[in-house]
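The values are calculated or read from the model by the stated rules, or taken from the named source; none is laboratory data. Owing to the predicted nature of the structure, the values given are computational and were not obtained by experimental measurement. Note that we place each Cβ from the backbone using ideal geometry, even for glycine, and neighbour counts take in every protein chain shown.
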């Protein structure tokens, strides 16, 4: 019996919804999925970056409500300690929390210039300077983690919270035709071939509704 509910926004556009959904699935949590209409204020706040904090995704379980992605991850780690959302080693856990926190609070230029849009493709898209700086920093994080922990995921053989946090970035790089080095490209392919991502992307491609503000025009 599913005693939890995860409220999300669009699967095509909702980067934070994707992170929350991945975390719940990685934890092995049984939950009902509730998708808000694009016109819902909470959904649009996430999709259009209208607020510094979002109420979507929101996890409700046994009278507990958690709505921030980092808080969802920490809550799931407490109720599902064997799920491996964080690395076992204390130093690696600290590293995982650090890079996840950086994704959570930073990279605003990337978010605004390249909103998540899984169904779209923009060949030859010109990435402006601010977003390029964000991409370079993310690539450095990926290369460092993959070299230190051996891949194919950021902290080793199995996905952790960090992979859930950076998964939406890999879709952005594909959508906007961003060329990256071989190591980072390999990581993007790892995420693309992850069964949970394949499930999410397939559902995103079936969504009928578009959010015009998030469709880039040249």
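It is to be established whether one or more residues within the range 195-203 are assigned to a helix (DSSP H, G or I) and in contact with a strand residue (DSSP E or B) (Cβ under 9 Å, 6 or more places away or on another chain).
There is no residue in the range 195-203 that is assigned to a helix (DSSP H, G or I) and in contact with a strand residue (DSSP E or B) (Cβ under 9 Å, 6 or more places away or on another chain).
Please give the number of the condition residue 145 fails out of (1) surrounded by fewer than 23 Cβ atoms within 10 Å (Cβ to Cβ); (2) under 24 Å from residue 28 (Cβ atoms).
Evaluating residue 145 over (1) surrounded by fewer than 23 Cβ atoms within 10 Å (Cβ to Cβ); (2) under 24 Å from residue 28 (Cβ atoms) leaves (1) as the failure.
Within the range 80-92, can you find the residues that are more than 26 Å from residue 31 (Cα to Cα) and either in a helix (DSSP H, G or I) or under 20 Å from the mean Cα position of the chain (by Cα) (or both)?
The answer is 90, 91, 92.
Just to be sure, is residue 128 touching a residue at least 40 places away in the same chain (Cβ under 8 Å) and either in contact with a helix residue (DSSP H, G or I) (Cβ under 8 Å, 6 or more places away or on another chain) or under 17 Å from residue 168 (Cα atoms) (or both)?
No.
Residue by residue through the range 1-23, note down the ones that are buried (at least 24 other Cβ atoms within 10 Å of the Cβ) and in a loop (DSSP other than H, G, I, E, B).
Once the filter is applied, which keeps residues that are buried (at least 24 other Cβ atoms within 10 Å of the Cβ) and in a loop (DSSP other than H, G, I, E, B), the range 1-23 yields 9, 10, 12, 13, 14.
With the condition kept exactly as written, say whether any residue in the range 161-168 is farther than 22 Å from residue 205 by Cα and more than 13 Å from the chain's Cα centre (by Cα).
no
Can you confirm whether the range 56-72 contains a residue that is under 13 Å from the mean Cα position of the chain (by Cα) and under 24 Å from residue 144 (Cβ atoms)?
Yes: one or more hits.
State whether the residues of the range 148-156 include one that is out of contact with any strand residue (DSSP E or B) (no Cβ under 7 Å at 6 or more places or on another chain) and more than 21 Å from residue 195 (Cβ to Cβ).
yes
Looking at this structure, is residue 76 touching a helix residue (DSSP H, G or I) at 6+ places or on another chain (Cβ under 9 Å), in the same structural domain as residue 12 (by TED's automatic domain parsing), touching a residue at least 24 places away in the same chain (Cβ under 8 Å) and in a helix (DSSP H, G or I)?
Considered against the rule, which asks whether it is touching a helix residue (DSSP H, G or I) at 6+ places or on another chain (Cβ under 9 Å), in the same structural domain as residue 12 (by TED's automatic domain parsing), touching a residue at least 24 places away in the same chain (Cβ under 8 Å) and in a helix (DSSP H, G or I), residue 76 comes out as yes.
Residue pairs, Cβ under 6 Å, 6 or more apart or interchain, first in the range 51-73 and over 15 Å from residue 165 (Cα atoms), second modelled with pLDDT of 95 or more and not in a strand (DSSP E or B). List them.
Here the result reads 59/72; 66/72; 66/75, each pair linking the range 51-73 to a residue that is modelled with pLDDT of 95 or more and not in a strand (DSSP E or B).
Name every residue in the range 75-89 that is under 16 Å from residue 154 (Cβ atoms) and crowded, with 17+ Cβ neighbours inside 10 Å, in order of residue number.
Once the filter is applied, which keeps residues that are under 16 Å from residue 154 (Cβ atoms) and crowded, with 17+ Cβ neighbours inside 10 Å, the range 75-89 yields 84, 85, 86, 87.
For the range 26-41, give me the residue count where each residue is surrounded by 17 or more Cβ atoms within 10 Å (Cβ to Cβ) and either modelled with pLDDT under 70 or outside any loop (DSSP other than H, G, I, E, B) (or both).
Of the residues in that region, 3 qualify.
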